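Report on the following structure.
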Amino acid sequence: MWCRSELAVSLIPQLASELGVPNHIRRRARRLAKESESTGITSGVDPAGFAAAHLYKAGCEAGRLMTQAEIAEAGNVATVTICTHRDVLNELVI
C-alpha cells in the first residue's frame, strides 16, 4: 500500500509528462518531494497538490516558466493549493 507522500512522488512524472516538462526538472521535483517528506510537511497533504507544488518549484528553479494555473489544471488541483504549498516549500532549506 502506498503512503500519501509516495503517491505524490509517483504522480510527478505523469504530471510532468502532461506539461511537457524536461527530465531534469522532473528529477528535481522528485528530489524536492522526497526531501520535503523527511521534514514532516507532507502529513495530511493531498498527493496531487503536493506533486504539483514540487513540480512548480522545480520549474521555477530551472527557469521554466509555467503558471500555477496551468499546473493546477493539469494536476486537477486549485491554484491556491500550489501557492500555499509553494510558500511552505520556500521556507524550507532543501
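The values are calculated or read from the model by the stated rules, or taken from the named source; none is laboratory data. What you see is a predicted model, and the numbers here were worked out from it, not measured in a lab. Heads up, the Cβs are rebuilt from the backbone with ideal geometry, glycines too, and the neighbour counts pull from every protein chain shown. Ligands, DNA and RNA are excluded from the accessible area calculation, which covers all protein heavy atoms including side chains. Shrake-Rupley method; radii C 1.70, N 1.55, O 1.52, S 1.80 Å.
When each full DSSP H helix of the chain is screened for a Cα extent of at least 18 Å along its own axis and an average Kyte-Doolittle hydropathy of at least -1.0, the helices passing are 4-19, 47-61, 79-91. Taking the charge dipole of the chain about its Cα centre, with +1 at Lys and Arg Cβ atoms and -1 at Asp and Glu Cβ atoms, the residue from Met66, Ser36, Asn23 reaching farthest to the positive side is Asn23.
How big is the dipole moment of the chain about its Cα centre under a simple scheme where the beta carbon of each Lys and Arg is +1, that of each Asp and Glu is -1, and everything else is neutral? Debye, nearest 20, please. Don't jump to the answer; show the numbers that get you there.
Details: 10 positive and 10 negative charges, 67 e Å.
About 320 debye.
Would you mind classifying segment 28-78 by shape? Square roots of the alpha carbon gyration tensor eigenvalues, ordered a ≥ b ≥ c; an a/c under 1.5 is rounded, otherwise it is prolate if a/b is larger than b/c and oblate if not. It comes out oblate by the Cα gyration axes.
Start at zero, step by 10 Å, and the Cα-Cα distances of the chain spread as 19, 59, 22, 0 percent across the bins.
Placing dummy labels 7 Å off each Cα toward the beta-carbon, the span from Arg31 to Glu6 is 2.3 nm. Surface analysis of the chain yields an accessible area of 54 Å² per residue, using protein heavy atoms and a 1.4 Å probe. Gain on full extension, evaluated as 0.36 nm per residue between Asn76 and Cys60 minus their Cα-Cα distance, stands at 3.8 nm.
The accessible surface of the chain, taken with every protein chain in place and a 1.4 Å probe, is 52 percent carbon and sulfur.
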